[in-house]
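The values are calculated or read from the model by the stated rules, or taken from the named source; none is laboratory data. None of these values were measured; they are calculated from a predicted model. Quick reminder, even Gly has a Cβ in these numbers, built from the backbone with ideal geometry, and neighbours come from all protein chains shown. For accessibility, only protein heavy atoms count, side chains too; no ligands or nucleic acids. Shrake-Rupley method; radii C 1.70, N 1.55, O 1.52, S 1.80 Å.
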Amino acid sequence: MSTPSNASSPSSTAPDAVPPNQDKDLKAFDRWRKSVAWITGTGLTPEAQAQRNASKAAEAEEAMWVRCEKWKADLMKNSPAVTFMLKHLQQAGCNLTTDHIHCQPCNLTRAGGFSPEKGILLCQDGFWSKNHMEDTLVHEMVHMYDHVKFKVDWKDLRHHACSEIRAANLSGDCKWSREIRRGFYTFSKQHQDCVRRRAILSVQQHPDCAGDAARAEKAVNEVWESCKADTRPFDEIY
């Protein structure tokens, strides 16, 4: 008498099973579909969309930081204006290094800043070119030079106004090309008007001024002649 075989016969295979090769193709397609959705942002759930946006923002911020650090290193080595200021800062007793200059994200109303405690800030997301960053860096270096050389009291509006006049005057911040980009096309006294306007705008941000344009203008006017004429450490306007 024969006994039943334990081996499965071909007919016992489920009719809806997916062949191995087709299963691989489906998985590859699914990965591709998810990749396209992540790149384009289409077809994502609200949670996935928020995650994608956060990831893209982080990637963009990282790219801006890398660019800022690269430009900073190049300017500190090759820019005539920056290396000139580095030399004169060192002569004044300040050995400025890359560790004192920080690339960070900022709001779009500023390109840089100076703090006696923290050093120089470069707003990594605020530069449209390396030349723009160069002008900003020199501007902040003038503030640092004033702080070291002249013992500026930053709480004093007149002291602050004087340094802002000098920084705007000497840094390249008021170059013709920069003014055109800002929408100012004055043909007479363009540089002078720019220096005065930008100094007033900066002094308005002083805590004791609290946005008072009239008070900021008064402080700038009181020190205008002497500070506009003071081009140290340059022999003339950069």
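Key figures for this structure:
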{"quantity": "Considering residues of region 168-216 that are exposed (fewer than 15 other Cβ atoms within 10 Å of the Cβ) and at positive phi only, the residue farthest from the chain's Cα centre (by Cα)", "calculated": "Lys189"}
{"quantity": "Residue in region 109-143 that is nearest to Asn78 (Cα to Cα), counting only those that are in contact with an Asp or Glu (Cβ under 6 Å, 6 or more places away or on another chain) and either among the hydroxyl-bearing types (Ser, Thr, Tyr) or open to solvent by 10 Å² or more (accessible area, probe 1.4 Å) (or both)", "calculated": "His139"}
{"quantity": "Check on Ile237, loosely packed, with under 14 Cβ neighbours inside 10 Å and of a type in the set (A, V, I, L, M, F, W, C)", "calculated": "yes"}
{"quantity": "Selected residue (only one of Arg52, Arg31 is modelled with pLDDT under 80, of a type outside the set (A, V, I, L, M) and open to solvent by 60 Å² or more (accessible area, probe 1.4 Å))", "calculated": "Arg31"}
{"quantity": "Residue ID - farthest from Pro233 (Cα to Cα), chosen from residues in region 90-108 that are open to solvent by 50 Å² or more (accessible area, probe 1.4 Å) and in contact with a helix residue (DSSP H, G or I) (Cβ under 7 Å, 6 or more places away or on another chain)", "calculated": "Pro105"}
{"quantity": "Residues (in a helix (DSSP H, G or I) and closer than 26 Å to Asp208 by Cα) located in region 96-137", "calculated": "Thr136, Leu137"}
{"quantity": "Long-range neighbours under 9 Å by Cβ, at least six apart or interchain, first residue among the basic types (Lys, Arg) within region 138-152, second surrounded by fewer than 24 Cβ atoms within 10 Å (Cβ to Cβ) and assigned to a helix (DSSP H, G or I)", "calculated": "Lys149/His88; Lys149/Leu89"}
